[in-house]
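The values are calculated or read from the model by the stated rules, or taken from the named source; none is laboratory data. Computed from a predicted structure; not experimentally measured. Cβ placement follows ideal geometry from the backbone for every residue including glycine, while neighbour counts extend to all protein chains displayed. Surface accessibility is based on the protein's heavy atoms, side chains included, excluding ligands, DNA and RNA. Shrake-Rupley method; radii C 1.70, N 1.55, O 1.52, S 1.80 Å.
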Amino acid sequence: MAAARRDFVVEITPAKESWDVVVRVIRLWFVPDMNSKQKYYAMEMILMDEKGGKIQASVRKVLLYRFDNKVREGNVYNFKHFGVATNTGAYRTIKHQFKLSLQNSTVVTEFGADLITFSPYSFVSFP
């Protein structure tokens, strides 16, 4: 039986409905709820695949219970069945044209940490 083809971050667009990516969570943070200091509005992540492609992913408040204890910064995961939306707004964290939205149907499976090994940093030279 042949191994299933994995998608890469650079390929992600809204044109396809079923994606299967293996990524390292290189940054994870919670967005505080403006109405309650003890609650969160969302969970945000920066994901990186084995080719160095990066994309932002979000978990809405109503789905935090499904992912907040399952996904950890620094770990490698297989993400399947998520939404893809245009990456707009004044504070884009990644240059990727799209961002991921984890949904109730999203499947997250932990992988071995050594699968994605290179640095998440992208250094640029000053003129």
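Remarks
- Where a residue in the range 7-21 is in a loop (DSSP other than H, G, I, E, B) and its partner, wherever it lies, is β-branched (Val, Ile, Thr) and open to solvent by 70 Å² or more (accessible area, probe 1.4 Å), with Cβ under 9 Å and at least six apart: 14/86
- Verdict on residue 7 being over 13 Å from residue 77 (Cβ atoms) and open to solvent by less than 50 Å² (accessible area, probe 1.4 Å): yes
- Boolean, residue 71 is open to solvent by 40 Å² or more (accessible area, probe 1.4 Å), of a type in the set (A, V, I, L, M) and free of Cβ contacts under 8 Å to residues at least 60 places away in the same chain: no
Listed here are the residues, each with its yes/no results for (1) in contact (Cβ under 8 Å) with a residue 60 or more places away in the chain; (2) outside any loop (DSSP other than H, G, I, E, B); (3) small (Gly, Ala, Ser); (4) closer than 17 Å to residue 106 by Cβ.
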position: 30; (1), (2), (3), (4): no, yes, no, no
position: 39; (1), (2), (3), (4): no, yes, no, no
position: 45; (1), (2), (3), (4): no, yes, no, yes
position: 51; (1), (2), (3), (4): no, no, no, no
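- Top-ranked residue in the range 12-29 [being basic (Lys, Arg) and surrounded by fewer than 19 Cβ atoms within 10 Å (Cβ to Cβ); ranked as modelled with the highest pLDDT]: 27
- Hits in the range 71-127 - residues which are at pLDDT 70 or above, small (Gly, Ala, Ser), within 22 Å of residue 5 (Cα to Cα) and not in a loop (DSSP other than H, G, I, E, B): 83, 101
- Meets criteria (open to solvent by less than 80 Å² (accessible area, probe 1.4 Å), over 19 Å from residue 111 (Cβ atoms), polar (S, T, N, Q) and in a strand (DSSP E or B)) for residue 56: yes
- Number of residues in the range 21-53 that are under 17 Å from residue 112 (Cβ atoms) and of a type outside the set (Lys, Arg): the value is 9.
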